[in-house]
């Protein structure tokens, strides 16, 4: 399982050692407002960790827990996975952070590192991301990552804004 690092973060594959931090993160109504709209139960958090660990074993990537490199505090989580968990679909990138860490650059720092992993290690041809149309903060991170708005679609019965960046465009943006 692949651990990624940035200047301030250590991205560790999600596991049971992160349960308490993930349980708190995924049950916070402010964090979950644009994701599911509802807090996870303890059993749901455990099930998520088990599913994620299974994906790490079978495909070699999934969700990471974002840990502050100085304090070890869990500040968020993020992923590289296939849309709909179907390998025939493009790769998706996503993230969530504790509200007290919003606006500090952690989301883009982690997203850039995860994108680099997807494009350089997995040789993904493109990355997609979705967000609630009202989630301007995530849309800003997607733009900073070089992603371009593709339009609105429906996901699980709700409207979502769709963004994408192709590998060549992302690599060219990194060289600039």
Can you tell me which of 27-40, 126-139 comes out highest on packing, and rank the rest after it, using the mean Cβ neighbours within 10 Å?
126-139, 27-40
For the residues 166, 92, what sequence is obtained by ranking on other C-beta atoms within 10 Å, fewest first?
166, 92
Beyond 27 Å, what share of the Cα-Cα pairs of the chain is found? Please give it as a whole percent.
20 percent
Whether region 39-82 is rounded, prolate or oblate, judged on the alpha carbon gyration tensor where a/c under 1.5 counts as rounded:
oblate
Cα centroid of region 133-176 to Cα centroid of region 54-71, whole Å:
22 Å
Counting alpha carbon pairs within less than 8 Å and at least 6 residues apart, what relative contact order, in whole percent, applies to region 88-176?
28 percent
Extending each Cα 7 Å along its Cβ direction at residue 86 and residue 126, get the distance between those two points in nm, one decimal.
1.6 nm
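None of the figures in this text is laboratory data; all of them are computed from the coordinates on show. Values in this document were obtained by computation on a predicted structure and should not be read as measured data. Because the Cβ atoms are built from the backbone with ideal geometry, glycine has one as well, and the counts that use them run over all protein chains shown.
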